[in-house]
Amino acid sequence: MRMSRTITTTLAAAAALGAAALPASAAGHGPAAPHGHSVVISGVQADSPGPDSRTSRSLNGEWIRLTNSSNRTVDLRGYTLREDRQHRTFKFSGARLAPRSSVTIHTGAGRNTFRDLYLNQRNHVWDHRRDTATLRDNHGRTVDTKSWGDRGGRGGHR
């Protein structure tokens, strides 16, 4: 079953906050962008801390982080983030990622800001044992992919 959700927020220019407010990965030595793309999946917390209780706290403890490693704002309108195990796809609408900044995409509900976006799901999305997150641009081209876990192992923060 394919599910689409629209992330509807505009990310403010995080550069105005100064380097002290940026995540450590954006402060100078952020992740390298694969294949010439400036936006990467820079972090995954697939196994929410504590029991999987479907509370907001539990759901929002599960997240994917995107980082813009370039010196220019990237318009994420039309980009998609896909979860592989259950074939869920989430589509961005009107989101912009400031230069050298990151946004964390949480599974549960919350108020969208320039640092945090929420998928408003009522169940966990990412399989903590093994899964794959794929970011595609507005033309459907793969921008970055992160996989975690193994057949007998436990996933988590990657």
Given (1) closer than 21 Å to ASP127 by Cα; (2) buried (at least 21 other Cβ atoms within 10 Å of the Cβ), ARG88 misses just (2)
Condition set of a type in the set (S, T, N, Q) and in a loop (DSSP other than H, G, I, E, B), scope the range 91-112, selection surrounded by the fewest Cβ atoms within 10 Å (Cβ to Cβ): answer is ASN112
Margin query: Take the conditions buried (at least 18 other Cβ atoms within 10 Å of the Cβ) and either touching an Asp or Glu at 6+ places or on another chain (Cβ under 6 Å) or not hydrophobic (A, V, I, L, M, F, W, C) (or both) and apply them to THR134. Does it pass?
Written below: no
Would the range 113-130 turn up any residue that is of a type in the set (Asp, Glu), at negative phi, touching a Phe, Trp or Tyr at 6+ places or on another chain (Cβ under 8 Å) and assigned to a loop (DSSP other than H, G, I, E, B)? no
By residue number, the members of the range 99-158 that are among the small types (Gly, Ala, Ser) and modelled with pLDDT of 95 or more are SER101, SER102, GLY108, ALA109, GLY110, ALA133, GLY140, SER147
query = Looking at this structure, is LEU81 part of a strand (DSSP E or B) and farther than 17 Å from VAL143 by Cα?
reply = no
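Residue-wise test of (1) surrounded by 13 or more Cβ atoms within 10 Å (Cβ to Cβ); (2) at pLDDT below 90; (3) touching a Cys at 6+ places or on another chain (Cβ under 8 Å).
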residue: ALA15; (1), (2), (3): yes, yes, no
residue: GLY30; (1), (2), (3): yes, yes, no
residue: ALA33; (1), (2), (3): yes, yes, no
residue: GLN45; (1), (2), (3): yes, no, no
residue: SER48; (1), (2), (3): yes, no, no
residue: SER56; (1), (2), (3): yes, no, no
residue: TRP63; (1), (2), (3): yes, no, no
residue: ARG72; (1), (2), (3): no, no, no
Pairing a residue in the range 50-69 that is in a loop (DSSP other than H, G, I, E, B) with any residue that is among the hydroxyl-bearing types (Ser, Thr, Tyr), where Cβ atoms lie under 8 Å and the two sit 6 or more apart in sequence or on different chains, gives GLY50/SER58; PRO51/SER58; ASP52/SER58; GLY61/SER48; GLU62/SER48; GLU62/THR107; SER69/SER38
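The values are calculated or read from the model by the stated rules, or taken from the named source; none is laboratory data. Keep in mind that this is a model prediction, so the values were computed, not measured. Please note: Cβ atoms are built from the backbone with ideal geometry, for glycine as well, and neighbour counts cover all protein chains shown.
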